[in-house]
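**Q** Quick one: the structure is below, questions incoming.
The values are calculated or read from the model by the stated rules, or taken from the named source; none is laboratory data. Everything numeric in this text was worked out from a predicted model, so none of it was measured. Cβ placement follows ideal geometry from the backbone for every residue including glycine, while neighbour counts extend to all protein chains displayed. Areas reflect the complete protein model, heavy atoms only, side chains present, ligands, DNA and RNA absent. Shrake-Rupley method; radii C 1.70, N 1.55, O 1.52, S 1.80 Å.
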Amino acid sequence: SAVISQKPSRDICQRGTSLTIQCQVDSQVTMMFWYRQQPGQSLTLIATANQGSEATYESGFVIDKFPISRPNLTFSTLTVSNMSPEDSSIYLCSVGSSGVREQYFGPGTRLTVT
Amino acid sequence: GENVEQHPSTLSVQEGDSAVIKCTYSDSASNYFPWYKQELGKGPQLIIDIRSNVGEKKDQRIAVTLNKTAKHFSLHITETQPEDSAVYFCAASSGTASKLTFGTGTRLQVTL
């Protein structure tokens, strides 16, 4: 499976600010996804990051709050904008390839908003 | 959309015993069912998966069973060890989009 890294691994931010999370994969992948995991909860898909086009957002998530970039087949960023304490979560990227069902996760970014 | 329920939310077993975690799904179009293990401070790790064209799959001490008619699937861990202690998530997806819907998770604790 691919080796996936995320930066930063954790951060503490003040409300009203923005944080950009990076996801880097050691090989080219077709699909990249961003998930949110609130404290003690399950994983919820935020959006699918599409290379060369706009991300596809799930219900309840909007581009103004969670802008996503996918400049190439090995890298994506998720920005959490105008943060509030409710945004305190673990943000995870995952990768997959077209025609292959397996999906692999990065180590996550633990975000605390004060 | 798909809805995945998972039980139990917590499970405590003694080392060497078996552990079973059960999930049900709502969308009859779902055809791929992975299981993930998440240790504290880490991302979820894919441990086993099953597709809708098979009823059971084994990999050493872990196995997954699928009942398409009843729309439920289960994870079985035999001869549990302390390193099996973690949160386990089931998930389901359909089609080729690879979008996963996760269950609520089961915290497994293996005691000595």
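**Q** Looking at chain B, how many pairs of lysines come closer than 20 Å at the Cα, when each pair is eight or more places apart or spans two chains?
**A** Qualifying lysine pairs in chain B: 14.
**Q** What per residue convex hull volume, in Å³, comes out for chain A when only alpha-carbon positions are used?
**A** 98
**Q** Set the Förster distance to 30 Å, then compute FRET efficiency between residue B:42 and residue B:69 from the Cβ-Cβ distance, nearest 0.05.
**A** Efficiency, from the Cβ-Cβ distance: 0.25.
**Q** A follow-up question, please. Given a 1.4 Å probe and every protein chain left where it sits, what share in percent of the accessible area of region A:1-80 is carbon and sulfur?
**A** So the carbon and sulfur contribution to the accessible surface is 46 percent.
**Q** List the accessible area buried at the contact between A and B, summed over both sides and calculated with a 1.4 Å probe, in Å² to the nearest 100.
**A** 1600
**Q** Can you give me the three principal axis dimensions of region B:47-112 from its C-alpha atoms, in Å, biggest first?
**A** 42, 21, 20
**Q** Let me ask another. Report the relative contact order of chain A, percent, no decimals, based on alpha-carbon pairs under 8 angstrom and at least 6 residues apart.
**A** 36
**Q** In Å², what does the accessible area per residue of region A:14-112 work out to with a 1.4 Å probe?
**A** Per-residue accessible area for region A:14-112 comes out at 44 Å².
**Q** While we're here: Hey, could you grab the Kirkwood Rh for chain B? Inverse mean 1/r over distinct alpha carbon pairs, Å, one decimal.
**A** Its Kirkwood hydrodynamic radius stands at 14.0 Å.
**Q** If the rule is a partner Cβ under 4.7 Å, which cysteines in chain A fail it?
**A** Cysteines of chain A left without a disulfide-compatible partner: A:13.
**Q** Also, quick follow-up: Roughly how many percent of the accessible protein surface of region B:58-112 is carbon and sulfur, given a 1.4 Å probe and a whole-percent answer?
**A** Looking at region B:58-112 in its full context, I get 48 percent from C and S.
**Q** Any idea what the dipole of region B:25-112 comes to, in debye rounded to 20, about its Cα centre with Lys/Arg Cβ at +1 and Asp/Glu Cβ at -1?
**A** 240
**Q** Out of all Cα-Cα pairs in region A:1-42, roughly what percent, to the nearest whole number, are more than 13 Å apart?
**A** So the portion of pairs separated by more than 13 Å is 69 percent.
**Q** Among B:54, B:87, B:20, whose mean-square fluctuation peaks in a Gaussian network model of chain B (Cα, cutoff 10 Å)?
**A** Largest GNM mean-square fluctuation: B:54.
**Q** Moving on to the next point. Give me the Å³ per residue figure for the convex hull around the C-alpha atoms of the protein assembly as shown.
**A** 119
**Q** Contour minus end-to-end for residue A:97 and residue A:14, with contour as 0.36 nm per residue of separation and end-to-end as the Cα-Cα distance?
**A** Answer, rounded to one decimal: 26.3 nm.
**Q** Given a Förster radius of 25 Å and the C-beta distance between residue B:60 and residue B:17 as r, what FRET efficiency does 1/(1 + (r/R0)^6) yield to the nearest 0.05?
**A** E between residue B:60 and residue B:17, to the nearest 0.05, is 0.90.
**Q** On the accessible surface of region B:12-55, probed at 1.4 Å, how many percent belong to carbon and sulfur atoms?
**A** Using a 1.4 Å probe with all protein chains present, region B:12-55 comes out at 44 percent carbon and sulfur.
**Q** Translational diffusion coefficient, Stokes-Einstein: compute it for region A:46-95 using the Kirkwood radius over C-alpha pairs as Rh, at 37 °C and 0.692 mPa s, and state it as an integer in µm² s⁻¹.
**A** My calculation gives 283 µm²/s for D.
**Q** Just to check I understand the Karplus step: with θ = phi - 60° and J = 6.51 cos²θ - 1.76 cosθ + 1.60, what whole-Hz values come out for region B:81-87, glycine and proline as x?
**A** 10, x, 6, 7, 5, 4, 9
**Q** Anything losing 50 Å² or more of accessible area from the isolated chain to the full protein assembly: pick those residues out of region B:79-111, probe 1.4 Å, ligands and DNA/RNA ignored.
**A** Checking the loss per residue gives B:98, B:99, B:102.
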